[in-house]
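Please treat every number below as a calculation from the coordinates, not as lab data. Note that this is a predicted model, so its numbers are computed, not measured. We place every Cβ from the backbone using ideal geometry, glycine too, and count neighbours over all the protein chains shown.
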2 protein chains.
Amino acid sequence: MAEEKLPTRDEIELDKVLSALADPHRRQVVLDLMEEPADTERTCTSFGLPISKSTSTFHFRVLRQAGLTYDASYGNRRGVSLRRDDIEARFPGLLDAIAKSR
Amino acid sequence: MAEEKLPTRDEIELDKVLSALADPHRRQVVLDLMEEPADTERTCTSFGLPISKSTSTFHFRVLRQAGLTYDASYGNRRGVSLRRDDIEARFPGLLDAIAKSR
């Protein structure tokens, strides 16, 4: 499998971030991660999304490719963390405004 | 043509608002309207979007149905205005955060 190219901070695009956050399951993942201490890693299953594994895989890929999250792989499990500092640097106040709308 | 049912303030959904704002042309319309005095109406053509009339019609419909704008019809012209108070009441700080990201 080719290595996935994720956007650096400066490459994160508002179009993709808003589109990623427009989905309620993806938004839930981001908002749940916002409530954790910085750089917390959670497994994909820990969010309890009521969707199939393949749909879940799709949603986590959208979040990652938009630049909202990082996935770390540890052999048989993965950890998802929020790129909160990157998003805040690029789009100040955006995540907080969305969290307030929860 | 059946009358279009637009969302009331309480019916405005974050999913649809974020999805509407994820498109750069639609976002430009909203950000341009934010720079005008409240309730300013502008014609669809005044935004100078580099797209066809039918694509433009589609984008203005998405904005309207998401609850971001109102369209007023005056016979042979239409006026588009931003529902800024409604959006601010539902999602405080969201439009400002997006405007800062311009």
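Details
- On the basis of the beta-carbon distance and an R0 of 22 Å, residue B:78 and residue A:101 show a calculated FRET efficiency of 0.15.
- Amide H contacts of residue B:78 (H built 1.01 Å from N, in plane; Pro and chain starts excluded): B:44 sit under 5 Å, all sequence-distant by 5 or more or on other chains.
- Seen from residue A:49, the other residues with C-beta closer than 13 Å to its C-beta sum to a net charge of +2, counting Lys and Arg as +1 and Asp and Glu as -1.
- Gyration tensor (alpha-carbon) shape descriptor, the protein assembly as shown, a/c threshold 1.5: prolate
- What the phi angles of region A:23-32 give under the Karplus curve with 6.51, -1.76 and 1.60, with θ = phi - 60°, is a coupling list of 8, x, 5, 5, 5, 4, 4, 5, 5, 4 Hz, glycine and proline written as x.
- Cα gyration tensor shape for region B:1-94, rounded if a/c is under 1.5, else prolate or oblate: rounded
- Between identical copies, the spacing of residue B:24 label points, each set 7 Å from Cα toward the C-beta atom, reads 3.1 nm from nearest to farthest.
- In order through region B:54-61: 3J(HN,Hα) via Karplus (6.51 cos²θ - 1.76 cosθ + 1.60), integer Hz, x for Gly, Pro: 5, 5, 4, 4, 4, 5, 5, 5
- Interchain or long-range residues, amide H under 5 Å from residue B:69's placed H: B:64, B:83
- Position residue B:99, label points 7 Å along Cα→Cβ, spacing to each other copy in nm (shortest first, one decimal): 2.3
- Sum of -39500 (n - 2.57) over DSSP H runs of 4+, divided by residues of chain B (222 nm, nearest 500): -13000 deg cm²/dmol
- Label-to-label distances for residue B:79 across copies, nearest first, come out at 5.7 nm, using points 7 Å from Cα in the beta-carbon direction.
- Computed 3J(HN,Hα) for region A:41-52, one whole-Hz value per residue from the Karplus formula 6.51 cos²θ - 1.76 cosθ + 1.60 where θ = phi - 60°, is 9, 10, 6, 4, 6, 5, 7, x, 5, x, 9, 6, glycine and proline marked x.
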